[in-house]
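The values are calculated or read from the model by the stated rules, or taken from the named source; none is laboratory data. Note that the structure is predicted; figures quoted are calculated from it, not measured. Neighbour counts are summed over all protein chains in view; Cβ atoms, including those assigned to glycine, are modelled from backbone coordinates with ideal geometry. Surface areas here come from the heavy atoms of the whole protein model, side chains and all, with no ligands, DNA or RNA. Shrake-Rupley method; radii C 1.70, N 1.55, O 1.52, S 1.80 Å.
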Amino acid sequence: AGLALRFVPPPTVSAVATNGSIPRYSAFGGPIEVYGANFGATDSTPVVLIGPASSCSATRWVSDSAIRCTVPPGLGINTEVRVLAYNGVGALLGAFNYSSPRIHNVSTVVPAPPAPPDGPPREVTVNGESFGATDST
């Protein structure tokens with residue numbers, strides 16, 4: 001009687017969705033579902049990465065072909081999604097997009113005389129959404 005070895009193929013990622021649609025989120029992230037194969041016949045605590053190193057939170061193994069998690073805050077388009085499982089790493093390039101920044105309005109405060117260029121610069125406030133989770137001036 002010999003030793004039987006069983007090859008377990010690495011995970012593959014085939015799609016990423018939010019409620020069945022192409023994911024687009026604010027810079028603050030949100031829930032996604034990752035679909036593919038070989039995520040594990042049982043919960044093996046897989047890790048989902050968005051981009052080079054941002055790890056999803058609240059990752060939940062659903063089945064050998066589905067994982068749910070919450071995308072971390074960030075910026076970017078055509079971002080890679082990777083699944084790290086007990087049997088390797090699977091990736092899908094260009095699988096996730098954060099929503100683009102949107103400007104709602106711009107306001108300026110005119111300083112008391114003397115006005116620019118001789119005086120202090122004007123203060124400009126830009127209001128909108130999806131500028132990022134932290135100051136990235």
task: Hey, could you check region 68-89 for residues that are β-branched (Val, Ile, Thr) and out of contact with any Leu (no Cβ under 6 Å at 6 or more places or on another chain) and say which is farthest from Phe7 (Cα to Cα)?
output: Ile77
- prompt: Taking region 47-95 on its own, how many of its residues are under 16 Å from the mean Cα position of the chain (by Cα), part of a loop (DSSP other than H, G, I, E, B) and not β-branched (Val, Ile, Thr)?
  reply: 10
field: Residue that is farthest from Phe131 (Cα to Cα), among those in region 22-53 that are at pLDDT below 85 and open to solvent by 20 Å² or more (accessible area, probe 1.4 Å)
entry: Ser44
task: Kindly check whether there is at least one residue in region 2-17 that is at pLDDT below 90, outside any loop (DSSP other than H, G, I, E, B) and either open to solvent by 40 Å² or more (accessible area, probe 1.4 Å) or closer than 17 Å to Gly88 by Cα (or both).
output: no
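Filter region 58-82 down to the residues that are under 11 Å from Ser14 (Cα atoms) and among the hydrophobic types (A, V, I, L, M, F, W, C), then identify the one that is surrounded by the fewest Cβ atoms within 10 Å (Cβ to Cβ).
Result: Ala66.
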- line: Among residues of region 96-124 being part of a strand (DSSP E or B), open to solvent by 50 Å² or more (accessible area, probe 1.4 Å) and not hydroxyl-bearing (Ser, Thr, Tyr), the residue modelled with the lowest pLDDT is Val109
field: Inter-residue pairs, beta-carbon under 9 Å, first without any contact (Cβ under 8 Å) to a residue 24 or more places away in the chain and among the polar types (S, T, N, Q) and in region 59-85, second open to solvent by 50 Å² or more (accessible area, probe 1.4 Å) and not in a strand (DSSP E or B), 6+ apart
entry: Thr59/Thr45
